[in-house]
1. Tell me, rounded to the nearest percent, the portion of alpha carbon pairs in the range B:158-232 spaced more than 19 Å apart.
2. Using alpha carbon centroids, what distance separates the range B:115-167 and the range A:105-151, in Å?
3. Run the 1.4 Å probe and let me know the accessible area of A:M1, rounded to the nearest 10 Å².
4. Whole number in Å², please: accessible area per residue of the protein assembly as shown, 1.4 Å probe, ligands, DNA and RNA not counted.
5. State the Cα centre-to-centre distance between the range A:230-263 and the range B:12-68 in whole Å.
6. From largest to smallest, what semi-axes in whole angstrom does the protein assembly as shown give when each is the square root of 5 times an eigenvalue of its alpha carbon gyration tensor?
7. May I ask you to list, by number, the DSSP H helices of chain A whose Cα span along the axis is at least 15 Å and whose average Kyte-Doolittle hydropathy reaches -0.5 or more?
8. For labels at A:I136 and A:A179 in the simple 7 Å Cα→Cβ model, what's the distance in nm?
Amino acid sequence: MFVPIAVYFIIFAYIPMAGIVMAFQSYTVKGGIFGSPWVGLDNFSYFFQSGKAWLVTRNTIIYNLAFLTCYTVFSILAAVVISEIRQKWFKKLSQTLMFLPYFISWVTVSAFVYNFLNYEYGIVNRIFASFHLEAIDIYSTTWYWYLILPFLYVWKWVGYGSVLYLAAIVGIDQEIYEAATIDGATKFQKITKITLPLLKPTMIILLLLGLGRIMRGEFDMFYQLIGNNGLLMDATDIIDTLAFRSLMGTADFGMASSVGFYQSVLTLIIILGANWMVRRYDKDQALF
Amino acid sequence: MITIDSNSVNPKLNSAPLFTAIAYTIVGLIALICVLPFIVLVSGAFSSESAILQEGYWFWPRDFSLEAFSYIFRYPADLLNGYKVSIIVTVVGTVLSLFISMMAAYVLSRKDLKHRNALSFFLFFTTLFNGGLAPYYIWISRNLDLTNTYAVLILAPMFNVMYILILRSFIRGSVPEPLLESAKIDGAGDFRIFLKIVLPLTKPALASIGVFTALAYWNDWWTAMMFTNKDHLIPLQYLLYKMLSSINLSAAMSQHVSNLDMPKETFKLAMTVIATGPIVLIFPFVQKYFVSGITIGAVKG
């Protein structure tokens, strides 16, 4: 009964892994993956000398760290305030609305973003205009995207994250709160002295697991929102988009495969590191 | 903090009206931010093109108009085909993926299986390391020759290893081992046990993971972009992407839509509404499966 999945993973995951040798070859259609001439490290020296390597590595790390931080902070904030809501219908309705963005594809999100940020018709600029402020051209100004992308990431995932943390909050023993109430603790004290410390284990595990994904950018998000917008490239190019463009745009197989190799190796190192840290923190939560 | 006279503790202190107000405000605000874009999208789709061009998008329809929708429904061929492809891929893909994932999870959950940790790692390793995009693309399109087939749309996004591991822990937690043993003594084969005992007992997990898988298929545009170039194989999300990203809509729509006076801005929005609508409409009904899926996974992946 394990055979179907084993066959699938051998064909769709393990054989392409062997294709990693492409990074050391000059790929030709005739030779295919296993018959193209070897070129040693030429692809890598090209990749590193193009000046792209540092840029995309930096962007990938910056964005993913920002995503992880904002996502954690806002998920916890949302979970804590939701847990304080007593009115059932309000709780249900707001949670449903928060979960909504998780359901839609990044394609649809890119349509939303266009509605808001478009230079001529966008809502943001319309609101600016009503305050007699100058319109801003977001699609050609890089620094805005350092704020917009984490915002959108949180927007899409906050419903999901808040459920995770809410589950942890619900699991906290009610007697602790009752005892605190008898001692005269205020709501704020209960949150900072009871809820948050007890959420710490969940938070640390999720953060460490998130660290493992740090080299894999949200390709969907970046590609749908930025696409091939050259004006924004320096601020928004990540490893995944570079690999994609080298492959599909310029059909530069050498570049694409060396970028892919670089990413896989970095990911592996970081995941092993993160797992090592999880292991030290709580052995049961370790992945392997 | 410690007061000798317990009566001096104001009972109102713990009802904390200010705090409650803040909590309601924050929750309401986050929820509002999450839903606002949907409102703007729908408003735009029901506005007239000229109002958008002059006044931009807004939170409610300006100069209410069905122009864009009537335009889409004049030549619905591409849209209907997109729906057809998406539905076929989602239904077939989800059923296959769930069934095979479940079989694997059942095997991995059996304590009497030797090397089960090695088998888990065989699956798990693929999430740690991969050959990268280029070998994957060339292998699938040139060597396996799967370009422009339904097979590639179904196979490429088929499995999520985390889901298999979640199913495995769920089986461990909800199928009692004596039950399996007694079935074995009664002469049931492994596959029969799987169909008659394991599947029925794990319905909640199947529903959750099934909804997650279906959503992943429905929202997948990447596979189609990489591996298809035939109009009849374009799923809904990729069709939408092509329409949103092309300045000239006629390049994206196959042949009918080449009219120059068509409402371009509102057309895109109306298209987004139609493509996203079904998901938003069924969302409240399947949300509970998502929530239980997340919490099943949160217990231990």
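The values are calculated or read from the model by the stated rules, or taken from the named source; none is laboratory data. Here the structure is a predicted model, which means the values were calculated and not measured. So basically every Cβ, Gly included, is an ideal-geometry build from the backbone, and we count neighbours across all protein chains shown. Note: accessible area is taken over every heavy atom of the protein model, side chains too, but ligands, DNA and RNA are not part of it. Shrake-Rupley method; radii C 1.70, N 1.55, O 1.52, S 1.80 Å.
1. When all Cα pairs of the range B:158-232 are counted, 51 percent exceed 19 Å.
2. Here the two parts' Cα centres lie 37 Å apart.
3. So the heavy atoms of A:M1 present about 60 Å² to solvent.
4. That works out to 46 Å² for each residue.
5. Distance between centres, Cα-based: 37 Å.
6. 38, 36, 26
7. Length and hydropathy pass: A:52-84, A:88-103, A:106-117, A:143-170, A:196-212, A:253-281.
8. It is 4.9 nm.
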